[in-house]
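Worksheet for the structure shown next.
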Amino acid sequence: MSEADSKLHVKPVPDEDAEAFRAMLDEPEVARNTGSIPKHPDMAWTLQRLADRRRIEAETGEMVDRGVYLGDTLVGMATFFRNKAGEIEIGYLVHADWRGRGIATYACHSAIALARSFGHTGLLVAAYAKDNPSSGRVLEKAGFTPNGEGSFTSLGRGGDIDCWRMRLEP
């Protein structure tokens, strides 16, 4: 891989990367620490998620997924969405094979930039499971500050989980 190809970048996940996307979402810690990803997503679910997110992005700009790539390799995801409280919430994930290399920090910053590029200039929020403190450190490095406790439903865990809530002022 050339130096130029090894740079991190974000882009929409094309259908030809759907299997890599599915495999990334199937990694156990990914499903455990997110709300909308079931344990062991199949290809039909993955293709539907990609299609649904593209449609919502085009219609409202209130839910956007981007793959985080190292060269041509899908290594993570950056996203934002309007949560149940009506706030713009960011999220990110990194496949286990690529953790510990600063990619989560890049993905977090990319999710912020992505939300801003879609005109969401106000408060941004994030939440992370209490048993995933490394995600909290990533959010703090990006400028998020604590905003209390709460819970969210995790499809991967099959129920509600306790979380810390974070906020990023405009």
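Readers should treat all values here as calculations from the given coordinates under stated rules, not as data from a laboratory. All values reported here derive from a predicted model rather than from experimental measurement. Because the Cβ atoms are built from the backbone with ideal geometry, glycine has one as well, and the counts that use them run over all protein chains shown.
Would you order Thr73, Thr79, Thr145 from fewest to most other beta-carbon atoms within 10 Å of each residue's own beta-carbon? Display every interim value, and only then the final one.
Numbers: Thr73 16, Thr79 21, Thr145 10.
Fewest-to-most ranking of Thr73, Thr79, Thr145: Thr145, Thr73, Thr79.
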Can you tell me how the stretch 67-170 classifies by the Cα gyration tensor, rounded, prolate or oblate, using a/c under 1.5 as the rounded cut?
oblate
Glu149-Glu169 pseudo-label distance in nm [points 7 Å out on the Cα-to-Cβ vector]:
2.5
Could you give log10 I(q)/I(0) at q = 0.11, 0.20, 0.22 Å⁻¹ for the stretch 1-104, computed by the Debye formula over C-alpha point scatterers of equal weight, without solvent?
-0.33, -1.09, -1.30
For the stretch 21-74, what is the Kirkwood estimate of the hydrodynamic radius, computed as the reciprocal of the mean inverse distance between distinct Cα atoms, to one decimal in Å?
12.1
Could you please state, rounded to a whole Å, how far the C-alpha centre of the stretch 90-142 is from the C-alpha centre of the stretch 18-32?
17
Residue order, fewest to most surrounding Cβ atoms within 10 angstrom, among Tyr92, Tyr69:
Tyr69, Tyr92
By count of other Cβ within 10 Å, fewest leading, how are Trp98, Trp45, Trp164 ordered?
Trp45, Trp98, Trp164
So for the pair Arg99, Glu19, with labels modelled 7 Å out along Cα→Cβ, what separation do we get in nm?
2.6
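Per DSSP helix of 4 or more residues, -39500 (n - 2.57); summed, then divided by the residues of the chain. What does that give at 222 nm, rounded to the nearest 500? Before the final figure, lay out the partial values.
Working: 5 runs with 54 residues, N = 170.
Calculated at 222 nm, the ellipticity per residue is -9500 deg cm²/dmol.
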Pair Ser117, His9: separation of 7 Å Cα→Cβ label points (nm)
1.1
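Using Cα pairs closer than 8 Å and at least 6 residues apart in sequence, work out the relative contact order for the chain, in percent. Show your work: numbers first, answer last.
Details: 311 pairs, mean separation 38.0, N = 170.
Relative contact order, the chain: 22 percent.
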